[in-house]
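What follows is calculated from the coordinates using simple rules that are stated; it is not laboratory data. Keep in mind that this is a model prediction, so the values were computed, not measured. Here Cβ is always computed from backbone atoms with ideal geometry, including for glycine, and neighbour counts include all displayed protein chains.
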Amino acid sequence: MRSDRPSLLLKITAIGGLLFLHLPILFIFLYAFTTEERTYQFPPPGLTLKWFGVAWERPDIWPPLYLSLKVAAIATLMAMVLGTLAAAAMSRARFFGRDQLSLLIILPIALPGVITGMSLRSAFGIMDIPFSTWTIVLGHATFCIVIVYNNAVARMRRLSGGIMEASADLGANAFQTFRYVLLPNLGSALLAGGMLAFALSFDEVIVTTFTAGQQSTLPIWMLNELVRPRQRPVTNVVAIVVFAATFMPILIAYYLTRGGSETAGMGK
Amino acid sequence: MTAAVEFQNVSRHFGSVRAVDGVDLTIAEGSFFAMLGPSGSGKTTCLRLISGFEKPTSGTIRIFGEDVSSVPPHLRNVNTVFQDYALFPHMNVRDNVAYGLMVKGMGRAQRHAKAEEMLALVKLSGYGDRKPAQLSGGQRQRVALARALVNEPRVLLLDEPLGALDLKLREAMQDELKALQHKLGLTFVFVTHDQHEALSMADHLAVFNEGKIAQIGTPQDIYDRPATRFVADFVGSSNVLPPELTRALGGPPQWASLRPEATKLAATGPVSGPVTALRYLGSGTRVVIRAGETEIAALVPAGEPVPAEGEIRAIAFAPQALHLMGEA
C-alpha cells in the first residue's frame, strides 16, 4: 500500500542534508564569540563579545565596507534604470532579433564569473582604463541588470497590456499612466529586483577580483584575512555583518514577490 | 442629425497589410452602431481609429465634426470598454471607476460620489471596496462600463463587450446594454463577430470584409437584402444561391439570397433534391434540401405536412422573395 507519509529513512536523509548545508553557517556565527583567536578550536574554550569591539576599532575594515556599500548601491541603481528600460522595450516592441537580444541581456548571469572578470579586465587593459570604483561597478552591473530585468519582465508579462491603453483612454497623459498604473504594478517587482541585485553585488568576489586592482571590497578583505594568524574571530564578526546585509534584502525580496513566479535570478 | 463619427476614405495599412482600406462611414448621434465581421476584417482597427490608438494612413476621421486625426487618445471625448475589460488590478472598484475623474483633477469626495452613482447605474452598488480579482466576469464587465461612462463620453466604444461571457449572462447583458443606451441617449459603437448579437442589438450596422465595408444599413436591410454573397454567408440563415440555380429558378445568372421563411416546398419544380435534414423549431420545422452542391433551407410552418428525410422535394417562393446580389 502506498502511503503519503515519508519513510523514516527519507526523513533522516533530508534532515541530514539540510544540516550539512546549514550547520557550517552556525559555526561561522559561533566562532565570532570564541576566546581563542588563532585556531578554530572546537568546542570554543570560552565565549566573549570582545571581537565586536575589536572589529569596530580596526581601521582596515571600514574602507572595504564603504567600498562594498558604494559599489552595491551604484550598481543596483544603474541596474534598476537600465533593467527596467530594457524590460519595457522587450515586452512592448516586436522587432527582428528580439529573442537573441533578450538572450544577450540575460547571458551575464549564466556566464561564469571568471569569464566575465577576465574579459572585463582585458577590455579595461586594452582601453587603458585604470582600476577604480567604477570598474568594479561596471563588473557588478553586468549581472545586477539581469536580476532587475528578469523581475520586471516577469511582472510586465503578468500585467494585461490593456491597462496602459485603458489609462490613456480615460484621459491620463503619459506621466499619469506611469505614476498611477505602471509604477504601482511594477513597484514591488523593481524593489525586489533591486534588493537581490544589491545582495549579489555586496558579496561578489570573482568578478571583483578581476576588476578591483589594488582595492578591497569587504568579501575580498575577508578572503585575505583568513590566511592571517591573528584576531581570526574578527573575520567572523564581519561575516555576520555580510550575512545580515545580503540575507535581509533577499528575504524582503522573497516576501515582496511571493505569489508571483518571479523570484528570479538567485543563481549567481 | 449630427454625425457622431465620420470616416472619409480612411485607410490604415500595416506594412503591406491593408487592415482598413478606404472606409467611408457615418455614425449618427444617439445610434447603437455595430461593426460586424470575421476576425481580421478591420472592425477592431476601425474602433481603435476612433479611440485614437491607431492613426489613419490616409483619410479623415471626424468626431462631432472635429477632425481628430492628430488628437491623441487621452484628449478625445470617447471612452472604450475593452475586450478583456483592462481593469486596474491594484485599485478597488471605486477607484477604477473614478480613475478618469481623478486624472482630470476632481477632488476625492466628489469623484467617489460620482463613482458610486455610476456603480448604482450598472447595478453594482456596494461593490466599491472590492478588487477586480474578486469579481465575476459579468461584474467586471459592468465595472468597465461604469468606468467608461463616468467620464460622460460623447461616444462609447465597446470592443467585443460580451465575448468573454457565457451565453445566459450574455443575453442578459445584451438587454441591459440596449436599455442603458436608450436611457443615456449616447452613441454606442460596438464591435462583434457574432451576427446575432449585431442584428439584435444594433439599430445600424456595418459588415466588414477584408478591410472594407461590404454593406451598411439597418439589421433588416442586412438580413433581408444582403448586398453581396459575403454578407449573406456571414450573416447566415439566408440561403445563398449560385448563379446557375438563380437562373434555373427564372432569375438572371447572378448570386441571390432567399430567406428560409420565404421558401416553400412543392412536389415538382425546376430546382429539387432529397431532404437531407429536419430540425423541429417549435414554431415550424426547418427542412434542408440538397440541390446539386447547394443546400437550401425552407421553414415549414407548424401544422403543414413535413416530408421525411430522403424524399424528393422542389422549392418554390414568391417572385419578390428572391434577392439578387453581387459576388464579392
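Rounded to the nearest 5, what % of DSSP beta bridges with both residues in the protein assembly as shown are antiparallel?
So the antiparallel bridges in the protein assembly as shown amount to around 70 percent.
For the stretch A:200-224 and the stretch A:90-126, what is the separation of their Cα centres, given in Å?
One Cα centre to the other: 21 Å.
Calculate the FRET efficiency for B:GLU176 and B:THR294 from the Cβ-Cβ distance with a Förster distance of 51 Å, rounded to the nearest 0.05.
Working: r = 40 Å, r/R0 = 0.78.
Efficiency computed from Cβ-Cβ geometry: 0.80.
Any chance you could check the Cα centroid distance between the stretch B:184-250 and the stretch B:284-320 for me, in angstrom?
23 Å
How about the stretch B:61-116: which trypsin sites (Lys or Arg not before Pro) there are in a DSSP loop, with at most 15 other Cβ atoms within 10 Å of their Cβ? Intermediate values should be presented prior to the final figure.
Values: sites: B:ARG62, B:ARG76, B:ARG94, B:LYS104, B:ARG108, B:ARG111, B:LYS114; in loops: B:ARG76, B:LYS104.
Loop-located and lightly packed - B:LYS104.
Report the label-to-label distance for B:GLU152 and B:GLU29 in nanometres (one decimal), using points 7 Å from each Cα along the Cα→Cβ vector.
1.5 nm
Can you tell me, using C-alpha contacts under 8 Å and at least 6 residues apart, the relative contact order of the stretch B:213-328 as a whole percent?
This gives 28 percent for the stretch B:213-328.
Kindly list the residues of the stretch A:51-77 that lie in the label zone of A:ARG228, defined by a backbone N under 20 Å from the point 7 Å along the Cα-to-C-beta vector.
Inside the label zone: A:51-69.
For chain A, what is the relative contact order in percent, using Cα pairs closer than 8 Å and at least 6 residues apart in sequence? It would help to have the intermediate numbers written out before the result.
Working: 312 pairs, mean separation 80.2, N = 268.
Computed over chain A, the figure is 30 percent.
How well do other chains shield peptide A:170-178, expressed as the mean number of their Cβ atoms within 10 Å of each residue Cβ?
Whole-number average of other-chain Cβ neighbours for A:170-178 is 6.
With n ≥ 4 as the cut-off for DSSP H runs, can you work out [θ] at 222 nm for chain B, using -39500 (n - 2.57) per run divided by the number of residues, rounded to the nearest 500?
The per-residue figure over chain B is -8000 deg cm²/dmol.
Most fluctuating residue of B:GLN141, B:GLN254, B:GLN110 in a GNM of chain B with Cα springs under 10 Å: which is it?
B:GLN110
As an exercise, identify the chymotrypsin sites (Phe, Trp or Tyr not before Pro) in the stretch A:1-105 lying in DSSP coil whose Cβ has no more than 15 other Cβ atoms within 10 Å.
A:TYR40, A:PHE95, A:PHE96
Modelling each spin label as a point 7 Å along the Cα-to-Cβ direction, I'd like the A:ARG38/B:PHE14 distance in nm, to one decimal.
7.7 nm
Multiply the residue separation of A:ALA123 and A:LEU183 by 0.36 nm, subtract the distance between their alpha-carbon atoms, and state the gained length in nm to one decimal.
17.9 nm is the gain from fully extending A:ALA123 to A:LEU183.
Relative contact order for chain B using alpha-carbon pairs under 8 Å, separation at least 6, rounded to a whole percent?
On the way: 703 pairs, mean separation 54.0, N = 328.
Across chain B, relative contact order equals 16 percent.
Can you give the FRET efficiency for A:ALA93 and A:ILE240, using 1/(1 + (r/R0)^6), R0 = 35 Å, r = Cβ-Cβ distance, to the nearest 0.05?
Given R0 = 35 Å and the Cβ-Cβ separation, E is 0.15.
Per 0.36 nm of contour for each residue apart, how much would the distance between B:LYS104 and B:ALA133 grow if the chain were fully extended, relative to their Cα-Cα spacing?
7.8 nm
Can you find, among B:GLY40, B:PHE53, B:HIS193, the residue sitting farthest towards the positive end of the charge dipole of the stretch B:3-231, where Lys and Arg contribute +1 and Asp and Glu -1 at Cβ?
Farthest towards the positive pole: B:PHE53.
Taking chain B as a Gaussian network, where each spring joins two C-alpha atoms under 10 Å apart, which residue of B:VAL68, B:VAL240, B:VAL271 fluctuates the most?
B:VAL271
Taking R0 as 25 Å, what FRET efficiency do you get between B:LEU281 and B:GLU210 from their Cβ-Cβ distance, rounded to the nearest 0.05?
0.15
Just in the stretch A:1-70: which trypsin sites (Lys or Arg not before Pro) are loop by DSSP and have at most 14 other Cβ atoms within 10 Å?
Hits after loop and neighbour filter: A:ARG2, A:ARG38.
Which of these, A:GLY17, A:GLY139, A:GLY162, has the largest mean-square fluctuation under a Gaussian network model of chain A (Cα springs below 10 Å)?
A:GLY17
Determine the percent antiparallel among the DSSP beta bridges restricted to chain B, to the nearest 5.
The antiparallel proportion sits near 70 percent.
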